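The values are calculated or read from the model by the stated rules, or taken from the named source; none is laboratory data. Values in this document were obtained by computation on a predicted structure and should not be read as measured data. When we count neighbours, we look across all protein chains shown, and the Cβ atoms used for this are built from the backbone with ideal geometry, even at glycine. SASA here: full protein model, heavy atoms, side chains in, ligands and nucleic acids out. Shrake-Rupley method; radii C 1.70, N 1.55, O 1.52, S 1.80 Å.
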Amino acid sequence: MTVKIDNYLEQNNPATPCVVVDLEQIVQNFRSMTELAPWAEVFYAVKANPAMPILSTLNNVGCSFDAASIPEIEACLAAGVPAQQISYGNTVKKSADIATAAARGIGLFAFDSLGEVEKLATAIPGAKVFCRIVVANDGARWPLTRKFGCAPDEAAPLLLAAAQAGLVPAGLSFHVGSQQTEPERWREGISRCAVLFEQLAAEGVALELVNLGGGFPVSYRNDDGPDLGEVFDAIKRALHEAFGDDLPRVLIEPGRAVVATAGKLRSEVILVTERIYGGRQRWVYLDVGRYGGLAETEGEAIQYQLEFSGLPDKFVSAVIAGPTCDSHDVLYEDASYDVPAGLKAGDQVTFRNTGAYTSTYASIGFNGFAPLTEHFV
Ligand SMILES: *Cc1c(COP(=O)(O)O)cnc(C)c1O
């Protein structure tokens, strides 16, 4: 699946740390998603990896885009994406940014509060808006609860207020949290939306779309399933149970599931040593860490699979740490990772499925360690 990446690493031996992204794999991921869910329009969540080659590749195969800021919108436009294919999905926006987006031709906006209705109605009368509701995030390795989304009971009054203010209330959205392992969470969101569709219809407002957000899982060391086919089957059943034969327009906003499996991160071992306090333990220090792109190792939430060169026959447990002098820059301590017994400084360690939420999380050279370089193959 990632032969191209392995070949590139072998032939070019690029300076570490770096991420190598296989653009063909991204196209494959997008295509398999549209095959599994032909009833949905895919809006790629730009925040997962906003690199220009990824945006243009996805644009060329007909993908749409979920952007959260003006720079993300500008990046999509620069990649040739038509403005009608971009949704401004952040529910919290500056008025000036709404005006800029409107001037660029963006016509679809998320909101979840009255304050945002007022800003949108002033800056772009007649815009299509959808209201984000909060849903349970249990089962997500990287939950996104609380910060966004109104209580489901608030959605109908908010959508009516939007209509009164001169906006077009187009529908509803929710987000089940990232790396969601329980398809049931989408079912709950969908049935909430269906109830709200009926409530609004009774008030004379016909909603047209449901946006199921992102959260579609990929395979990591600590998560093997469910596979995407299972997730989309469950979602399709839930849609028909909730809406009958006549489905509304369905949008999905996958980020991770489009790009994660298309990337590998190569790092180098800086030091292997034993620490004797708190029980003898082997520590492996890499040239990449929490502040160089591996933000999702916080709380050891996302546990990447590691590859080691050669054919080691004996493995020993180790703590895996990053290069900075910050003591939180430890990737895995409780997750019991094993490394080859002979692993030593200068050896390479490769992290699988690192195309999402890595390069974009790399801070600007924290502690003097440069952010991740990205190569596209
Ligand atoms: C982050 C985000 C996504 C993408 O989530 P994934 O788990 O990467 O699929 C989609 N929609 C919104 C609104 C987001 O904030």
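Averaging the Cα positions of each part gives two centres, and for region 165-239 and region 248-317 these lie 30 Å apart. Based on protein heavy atoms only, region 12-149 ends up with 40 Å² per residue of surface accessible to a 1.4 Å probe.
Using a 1.4 angstrom probe, figure out how much accessible area region 261-376 has per residue, in square angstrom, rounded to the nearest whole. The partial results should precede the final answer.
Values: 5330 Å² over 116 residues.
Spelled out: the 1.4 Å probe surface of region 261-376, per residue, equals 46 Å².
Sequence-ordered 3J(HN,Hα) estimates for region 77-82 from the Karplus curve with 6.51, -1.76 and 1.60 and θ = phi - 60° stand at 4, 5, 7, x, 6, x Hz, glycine and proline given as x. Amide H contacts under 5 Å for Ala140: Thr181, restricted to partners 5 or more places along the chain or on a different chain, H placed in the peptide plane at 1.01 Å from N. Around the amide H of Leu251, modelled in the peptide plane, lie the amide H atoms of Glu41, Val210, Asn211, Leu212, all under 5 Å away and 5 or more residues distant in sequence or on another chain. Distant-in-sequence amide contacts of Lys128, defined by a placed amide H-H separation under 5 Å and a gap of 5 or more residues or a different chain, comprise Phe109, Val168. Output the antiparallel fraction of DSSP beta bridges having both residues in the chain, as a percent to the nearest 5. Of those bridges, close to 45 percent are antiparallel.
I need the trypsin sites (Lys or Arg not before Pro) found in region 141-200, filtered to DSSP loop residues with at most 12 other beta carbons within 10 Å of theirs. Loop-located and lightly packed - Arg146, Lys147. Among Lys47/Lys236; Lys47/Lys344; Lys47/Lys264; Lys264/Lys314, which pairs are too far apart, with a Cα-Cα distance over 28 Å? Exceeds cut-off: Lys47/Lys344. Mean-square fluctuations from a GNM of the chain, with a 10 angstrom spring cutoff on Cα atoms, peak among Pro312, Pro82, Pro248 at Pro312.
Add +1 for every Lys or Arg and -1 for every Asp or Glu among the other residues with Cβ under 15 Å from the Cβ of Leu77, and state the total.
On the way: positive: Arg104; negative: Asp66, Glu72, Glu74, Asp97.
Summing Lys and Arg as +1 and Asp and Glu as -1 gives -3.
The phi-based Karplus calculation (6.51 cos²θ - 1.76 cosθ + 1.60; θ = phi - 60°) puts the 3J(HN,Hα) values of region 228-239 at 4, x, 4, 4, 5, 4, 4, 5, 4, 4, 5, 4 Hz, whole numbers, x for Gly and Pro.
Sum up the charges of everything whose Cβ sits under 11 Å from the Cβ of Ala156, counting Lys and Arg as +1 and Asp and Glu as -1, but leave Ala156 out.
On the way: positive: none; negative: Asp153, Glu154, Glu198, Glu203.
Once all neighbours under 11 Å are counted, the net charge is -4.
Could you work out what % of the accessible surface of the chain is carbon and sulfur, using a 1.4 angstrom probe and leaving DNA, RNA and ligands out of the count? Walk me through the intermediate numbers first.
On the way: 7850 of 15830 Å².
Carbon and sulfur together cover 50 percent of it.
Site pair Asp245 and Ala99 shows an inter-label distance of 5.0 nm when each label is modelled 7 Å from Cα along Cα→Cβ. Near Lys94, which lysines are there with a Cα under 16 Å away, not counting those fewer than 8 places off in the same chain? Leaving aside lysines fewer than 8 places away in the same chain, those within reach of Lys94 are Lys119. When the chain is treated as a GNM with alpha-carbon contacts under 10 Å, the residue of Phe308, Phe130, Phe43 showing the greatest mean-square fluctuation is Phe308. Calculated [222 nm] ellipticity per residue, helices only, for the chain: -9000 deg cm²/dmol; basis is -39500 (n - 2.57) per DSSP H run with n ≥ 4, divided by all residues, nearest 500. Only the Cβ atoms of Lys and Arg (+1) and of Asp and Glu (-1) were treated as charged; on that basis the dipole of the chain about its Cα centre amounts to roughly 600 debye. Applying the Karplus relation 6.51 cos²θ - 1.76 cosθ + 1.60 with θ = phi - 60° to region 334-339 yields 3J(HN,Hα) values of 8, 7, 6, 8, 10, 10 Hz, where x marks Gly and Pro.
Please label the shape of region 23-260 as rounded, prolate or oblate, based on the square roots a ≥ b ≥ c of the eigenvalues of the alpha-carbon gyration tensor (a/c under 1.5 means rounded; beyond that, a/b larger than b/c means prolate, else oblate).
Working: a/c = 1.71, a/b = 1.15, b/c = 1.49.
Oblate is the answer for region 23-260, as a/c is 1.5 or above yet b/c matches or exceeds a/b.
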